[in-house]
Amino acid sequence: MDLITDKYKRVIDYLRISITDRCNLRCIYCMPPGGIRPIEHKSLLSYEEITRLVEVAARLGVRKVRITGGEPLARKNLPFLIESLGRIAGIEDISLTTNGLLLKQLARTLASAGLNRVNVSLDSLYPERYRRITRGGDLHDALDGIAEAEKAGLLPVKINVIPMRGINDDEIEEFSLLTRDTALHVRFIEFMPTGSRDLWSRDRYIATDEIRERVSELGALTPVRARKSGPARYFRFNGAPGVIGFISAITHHFCESCNRLRLTSDGKLRPCLFSETEIDVKPALRSGAPDREIERLLRLAVEIKPERHSIASQHTFDHLKPMSKIGG
C-alpha cells in the first residue's frame, strides 16, 4: 500500500488526537484565569468513534498516534482507548502528552494497555513558581508521575519546557543540566501565541537560537540523530545519558517535514496547528457513513495541508484557537 502524501510530497503518517479540552490545571500561557467554556460531553468524540477513524487512517498509512488534550488523563477509561488503538493493524507507536499530575496512579496501567511513551509538560523546577504558572499545580505530583512513568517503561520520558522571559527563563540552564544525570529528554519549545492573549508578547518570547546559545555555554553540544522524524532537533552534552531538544515552531519552522494531522476532541481534522481550516468528520462518524467517506475526508485534510505557516510574520493572533481546544 502506498503511503498517503500531500501535494508537497510529505508523507502523512502521524495523527495527534485530542480526547478532551478539559484540564486539571490552568497554566498561564494556555488559559485565562477562569478557564475556557468546555465542550459539551455529548459533542466529544467517543472512544469508538476515534478508533474507527484511526482504523481508516491506518489503512492510508498513518503509523503513529499521540493522545493529547486538555489533560488526557482526566478523561475516564483511557486505557480502553489505548488498547483499542493498539489492536489496529498498522499502528506502530502510541504516545501521550500530559501534565503528569495523574501519572503516578495511571502510568503502569497505561503501559500495560499498550502506551509506548509520554511527554510531560513541566515549566518550572521550583514548587511555588510551578504553582503560579499552573495556577495551583503541585510540582511533587508531577515529579512523582515522571518517576513512575520511567519505572513503567514509558521511555524515553520527554519533558516539554516553554521558556518565557521574566517568568521561567532563568531555569533554562537548570533544566539542561538534568540531562547530565538522568536519561530524560528535555525539550525547549518556543512560546507560541496559542493560549492566553494577555500573556503572550514578543518581549516574553525567546527564540530557539538564544536558548541554544545559553545551553551551549554549559558545555559542548553533540548532535543526536533521532530515530524518528519530528519537530525537535536533538543534542547532548558529551557523555550525558539524557538529551536536549529544541523545537522552533516560529523562528525555524519544521513545516517542510511536517508529517501530521490533528483531530480535535469534537471531531475536527486540522491540517495545520496555526490554520483555522478544519474538516468536520463527526457528522460522518455519527450518521453511519461508510469507510470510504471517512477516507475521503482524511484525504481532503491531507490535500489542503498548507506548505507552511506564516505565524512569524503576523501581528495579531486573535484568529488562533487556544491550544486546549486544538490539542496540545
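The values are calculated or read from the model by the stated rules, or taken from the named source; none is laboratory data. Just so you know, these numbers come straight off a predicted model, no measurement behind them. Every residue, glycine among them, receives a Cβ derived from its backbone with ideal geometry; neighbour counts consider all protein chains shown. Side chains included, ligands, DNA and RNA excluded: accessible areas come from the protein's heavy atoms. Shrake-Rupley method; radii C 1.70, N 1.55, O 1.52, S 1.80 Å.
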Test Arg212 against the criterion of being out of contact with any His (no Cβ under 8 Å at 6 or more places or on another chain), modelled with pLDDT of 95 or more and either part of a loop (DSSP other than H, G, I, E, B) or open to solvent by 50 Å² or more (accessible area, probe 1.4 Å) (or both), and give yes or no. yes
Would you mention how many residues in region 140-191 are aliphatic (A, V, I, L, M), touching a Phe, Trp or Tyr at 6+ places or on another chain (Cβ under 8 Å) and open to solvent by 10 Å² or more (accessible area, probe 1.4 Å)? 1
Being open to solvent by less than 40 Å² (accessible area, probe 1.4 Å) and assigned to a loop (DSSP other than H, G, I, E, B): is that true of Gly34 here? no
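How many residues, within region 190-207, are in contact with a strand residue (DSSP E or B) (Cβ under 9 Å, 6 or more places away or on another chain) and modelled with pLDDT under 80?
Going through region 190-207 one residue at a time, the tally reaches 0.
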Residues that are crowded, with 19+ Cβ neighbours inside 10 Å and more than 30 Å from Glu307 (Cα to Cα), drawn from region 8-24: Arg22, Cys23
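Quick one: would you say Phe254 is open to solvent by 30 Å² or more (accessible area, probe 1.4 Å), aromatic (Phe, Trp, Tyr) and modelled with pLDDT under 95? Quick ask: steps written out before the conclusion?
Details: open to solvent by 30 Å² or more (accessible area, probe 1.4 Å): yes; aromatic (Phe, Trp, Tyr): yes; modelled with pLDDT under 95: yes.
Yes; evaluated as a whole, the condition is true for this residue.
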Could you tell me which numbered condition Thr109 fails, if it satisfies all but one of (1) more than 20 Å from the chain's Cα centre (by Cα); (2) closer than 21 Å to Ser18 by Cα; (3) open to solvent by less than 30 Å² (accessible area, probe 1.4 Å)? (3)
Looking only at region 236-251, filter to residues that are among the small types (Gly, Ala, Ser) and over 18 Å from the mean Cα position of the chain (by Cα); which one of those is most open to solvent (accessible area, probe 1.4 Å)? Gly239
For region 218-249, which positions are touching a Ser or Thr at 6+ places or on another chain (Cβ under 7 Å) and closer than 20 Å to Arg180 by Cβ? Leu218, Phe235, Arg236, Phe237, Asn238, Ala240, Pro241, Gly242, Val243, Ile244, Phe246
Just to be sure I understand the filter: pairs with C-beta atoms under 6 Å, separated by 6 or more residues or on different chains, first member in region 83-102 and under 11 Å from Lys64 (Cα atoms) and open to solvent by 20 Å² or more (accessible area, probe 1.4 Å), second member part of a helix (DSSP H, G or I) and of a type in the set (A, V, I, L, M). Which pairs pass? Gly90/Ala58; Ile91/Ala58; Ile91/Leu85
As an exercise: evaluate Ile12 against (1) touching a Cys at 6+ places or on another chain (Cβ under 9 Å); (2) within 28 Å of Leu122 (Cα to Cα); (3) not acidic (Asp, Glu) and give the number of the one condition it does not meet. (2)
